[in-house]
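This report refers to the structure that appears directly beneath it.
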Amino acid sequence: MPPQGRTSPPNRGQRLPAQTLSWSPDSRSIVSGSLDQTVQVWEATTGKPILTYRGHSAPVNTVMWSPDGKRIASGSVDTTVQVWDAASGKTLLTFRGHTKQVTSLAWSPDSTSLVSGSFDKTVQVWDARTGKVRYLYHGYNVAVAHVDNSKGVLPDLIFFVAGHITASAL
């Protein structure tokens with residue numbers, strides 16, 4: 001069982017600036033990750049805070065809502081990817097495969113896989129139900145890819161490549 005993040009009643013929001021945002025699939029909510037180590041779910045039409053997740057021990061760099069709307073993933077300077085229930089805030093999985101801060105996340109369209117990129121120059125594709133690594137790509141400079149796609153690989157491209165690898169293996 002992964003260590004449990006804490007969910008607390010919403011307050012006025014995050015204490016420090018949000019540096020990442022993601023819409024819920026139904027467009028009713030927005031999730032933000034902050035320098036204050038929290039992930040906040042907001043009501044999109046009113047800006048009212050709904051839920052504050054406190055599971056990271058360092059600033060949150062990236063958040064991503066699953067396409068099925070049931071889970072939220074967050075990646076942090078603390079090197080972890082945490083997946084939690086979007087309704088309750090309960091921690092479902094904590095991925096600990098990176099050695100440096102996690103900078104980007106993307107869900108597969110069917111919500112069964114999650115890909116993470118890190119300053120450790122790896123891109124990891126995780127089984128979102130078990131937390132096991134499906135694919136591990138070394139040597140990709142995700143930080144550089146955000147500035148110049150010709151010099152790195154972003155997680156969305158990894159899903160494209162992994163999909164072709166999986167399809168050709170069948």
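The values are calculated or read from the model by the stated rules, or taken from the named source; none is laboratory data. What you are looking at is a predicted structure, and each value in this text was computed from that prediction instead of being measured. All Cβ positions, even for glycine, are placed from backbone atoms using ideal geometry, and neighbour counts span all protein chains on display.
Can you pull out every residue in region 37-76 that is among the aliphatic types (A, V, I, L, M), under 19 Å from residue 100 (Cα atoms) and over 12 Å from the mean Cα position of the chain (by Cα)? Residue satisfying the conditions is 58 alone.
Among the residues making up region 37-59, those that are among the β-branched types (Val, Ile, Thr), farther than 14 Å from residue 25 by Cβ, touching a Phe, Trp or Tyr at 6+ places or on another chain (Cβ under 9 Å) and crowded, with 20+ Cβ neighbours inside 10 Å are 38, 39.
Among residues of region 109-120 being out of contact with any Lys or Arg (no Cβ under 8 Å at 6 or more places or on another chain) and surrounded by fewer than 19 Cβ atoms within 10 Å (Cβ to Cβ), the one that is farthest from residue 63 (Cα to Cα) is 110.
Residue by residue through region 71-91, note down the ones that are more than 21 Å from residue 27 (Cβ to Cβ), of a type outside the set (Ser, Thr, Tyr) and crowded, with 18+ Cβ neighbours inside 10 Å. The answer is 75, 77, 78, 81, 82, 83.
Among the numbered conditions (1) under 22 Å from residue 133 (Cβ atoms); (2) of a type in the set (Val, Ile, Thr); (3) touching a Leu at 6+ places or on another chain (Cβ under 8 Å), the only one that residue 80 does not meet is (3).
Within region 123-138, residues that are at positive phi have Cβ atoms under 9 Å from residues that are in a strand (DSSP E or B) and of a type in the set (Ser, Thr, Tyr) in these pairs: 131/94, counting only partners at least 6 apart in sequence or on another chain.
Scanning region 32-54 for residues that are touching a Ser or Thr at 6+ places or on another chain (Cβ under 6 Å) and either in a loop (DSSP other than H, G, I, E, B) or at pLDDT 95 or above (or both), which turns out nearest to residue 105 (Cα to Cα)? Once the filter is applied, the top-ranked residue is 38. Residue 89 - would you say it is part of a loop (DSSP other than H, G, I, E, B), in contact with a strand residue (DSSP E or B) (Cβ under 6 Å, 6 or more places away or on another chain) and at positive phi? The answer is yes for residue 89. Reported count of residues in region 92-141, each being assigned to a loop (DSSP other than H, G, I, E, B) and farther than 17 Å from residue 72 by Cβ, is 14. Scanning region 122-134 for residues that are surrounded by fewer than 16 Cβ atoms within 10 Å (Cβ to Cβ) and either at pLDDT below 90 or under 19 Å from residue 67 (Cα atoms) (or both) gives 127, 129, 130.
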